[in-house]
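Quick notes on the structure that follows.
The values are calculated or read from the model by the stated rules, or taken from the named source; none is laboratory data. As the structure is a prediction and not an experimental result, all values here were calculated from the model. Glycine also receives a Cβ, built like all others from the backbone with ideal geometry; neighbour counts cover every protein chain displayed. Remember, those area values only see protein heavy atoms, side chains included, never the ligands or the DNA or RNA. Shrake-Rupley method; radii C 1.70, N 1.55, O 1.52, S 1.80 Å.
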Amino acid sequence: MSTLYENYTTGDDSNRAAGGAQWQAQTFTPGSGHTITYVKLKIYRAGSPGTLTVSIKAVDGSGHPTGADLASGTIDGNSLTTVSPGLWYQITFGAGAALSASTKYAIVIRATTGSLPTNGVIWRRDIAAGAAYPGGNHEISTDSGASWTASTDDMMFEDWGK
């Protein structure tokens, strides 16, 4: 049986797209150590984005995603709803990854065969400045994850594990 650990599910009032070289991420800080086995994200699609890859990454000293995937999973982006504000979709990580308490990580999404603005995966977010999730923030990459820029909003996510 899975347990819900970290999440942000309120203030859903805008979105950000992932497609091609544009990736999106949400950092989060587990309150307790656990093995993350899946995430749920509130998403929808524009056009035909292809495969959506979702992964967990460590973060660097500046809080940006870095390094190899600690765990990853995929979902057929072309099968997502096209209706805004989207639906909650589960992306499973197989064996998962062990996360330590009080250590920041990132949920990273990418649809590398998509092309914005017509073919992408749209992730719902809260655009309030300094949105309410205290353990992390939204991150944006326009160069396939080579560099990241922090944003003050928060994406809709749930961290599930055991």
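Overview of values
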{"read-out": "Any hit, the range 109-123, residues being in contact (Cβ under 8 Å) with a residue 40 or more places away in the chain and in contact with an Asp or Glu (Cβ under 7 Å, 6 or more places away or on another chain)", "value": "no"}
{"read-out": "Breaking point among (1) in contact with a strand residue (DSSP E or B) (Cβ under 8 Å, 6 or more places away or on another chain); (2) surrounded by fewer than 20 Cβ atoms within 10 Å (Cβ to Cβ), for Met1", "value": "(1)"}
{"read-out": "Residues located in the range 68-108, provided they are within 16 Å of the chain's Cα centre (by Cα) and without any contact (Cβ under 8 Å) to a residue 40 or more places away in the chain", "value": "Ala68, Asp69, Leu70, Ala71, Ser72, Gly73, Thr74, Ile75, Asp76"}
{"read-out": "Unique residue being surrounded by 21 or more Cβ atoms within 10 Å (Cβ to Cβ), farther than 22 Å from Ser151 by Cα and among the small types (Gly, Ala, Ser) when the list is Ala71, Ala106", "value": "Ala71"}
{"read-out": "Test for Glu158: is it modelled with pLDDT of 95 or more, of a type in the set (Asp, Glu) and farther than 12 Å from Gln24 by Cβ", "value": "yes"}
{"read-out": "Which numbered condition Pro117 fails, given (1) open to solvent by 60 Å² or more (accessible area, probe 1.4 Å); (2) within 20 Å of Asp153 (Cα to Cα); (3) not charged (D, E, K, R)", "value": "(2)"}
{"read-out": "Enumeration of residues in the range 69-78 that are in contact with a Lys or Arg (Cβ under 8 Å, 6 or more places away or on another chain) and more than 15 Å from Ala98 (Cβ to Cβ)", "value": "Gly77, Asn78"}
{"read-out": "Test: Thr92 is open to solvent by 10 Å² or more (accessible area, probe 1.4 Å), under 13 Å from Glu158 (Cα atoms), out of contact with any Lys or Arg (no Cβ under 9 Å at 6 or more places or on another chain) and not aliphatic (A, V, I, L, M)", "value": "yes"}
{"read-out": "Test set (1) of a type in the set (Lys, Arg); (2) touching a His at 6+ places or on another chain (Cβ under 9 Å); (3) surrounded by 20 or more Cβ atoms within 10 Å (Cβ to Cβ) - Lys162 fails condition number", "value": "(3)"}
{"read-out": "Close pairs from the range 4-23: first farther than 17 Å from Ile127 by Cβ, partner assigned to a loop (DSSP other than H, G, I, E, B) and open to solvent by less than 30 Å² (accessible area, probe 1.4 Å), Cβ under 6 Å, at least 6 apart", "value": "Tyr5/Pro30; Glu6/Pro30; Gly19/Pro49; Gly19/Ala111; Gly19/Gly114; Gly20/Gly114; Trp23/Gly145"}
{"read-out": "Residues satisfying the stated conditions in the range 149-161, i.e. outside any strand (DSSP E or B) and either more than 18 Å from Arg125 (Cα to Cα) or under 14 Å from the mean Cα position of the chain (by Cα) (or both)", "value": "Ser151, Asp153, Met156"}
